[in-house]
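The values are calculated or read from the model by the stated rules, or taken from the named source; none is laboratory data. Being a predicted model, the structure only gives us computed values, none of them experimental. FYI the Cβ positions are ideal-geometry reconstructions off the backbone, even for glycines, and counts take in every protein chain you see.
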Amino acid sequence: MSIEAKQLVRIAKRLVAATGYLELGMIQHALDQLDSLTSRGFFEAEIKILRGEALRQQNRYASAATALKLSAREASSPHSKAAWLALSVHCPSNGSRQRAARSLARARGDQK
């Protein structure tokens, strides 16, 4: 069964709300919006990117890296590029400059 139009609108609104909360520094509110999504469909990659960013802002680096890696591997371009880019920004704060460089190369399309 495919996601109905009302569900798509609801998911899109929650993603916009989560993005806004992240921009305002209201991290837990953003995570609450993301957690409230039960049916995700093709929004899954975007949800994982936002979750990864929220977790990074909470200094939960390992969980953030996991969410971003899953998003990058599961998503199609351009979403995968956004996830690899986010992971490249995350990695130096997690102490791995080499992993950051590899993630940036993937975001640029230089490496598979």
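If you filter region 37-92 down to residues that are among the acidic types (Asp, Glu) and at pLDDT 80 or above, you find that the one that is farthest from Gln7 (Cα to Cα) is Glu53. Remark: pairs (first residue in region 22-49, in a helix (DSSP H, G or I); second residue β-branched (Val, Ile, Thr) and surrounded by fewer than 18 Cβ atoms within 10 Å (Cβ to Cβ); Cβ separation under 6 Å; 6+ apart in sequence or on different chains) = Gly41/Ile3.
Inspect region 11-27 for any residue being touching a helix residue (DSSP H, G or I) at 6+ places or on another chain (Cβ under 8 Å) and at pLDDT below 80 and give the result as yes or no. Scanning region 11-27 turns up no residue that is touching a helix residue (DSSP H, G or I) at 6+ places or on another chain (Cβ under 8 Å) and at pLDDT below 80.
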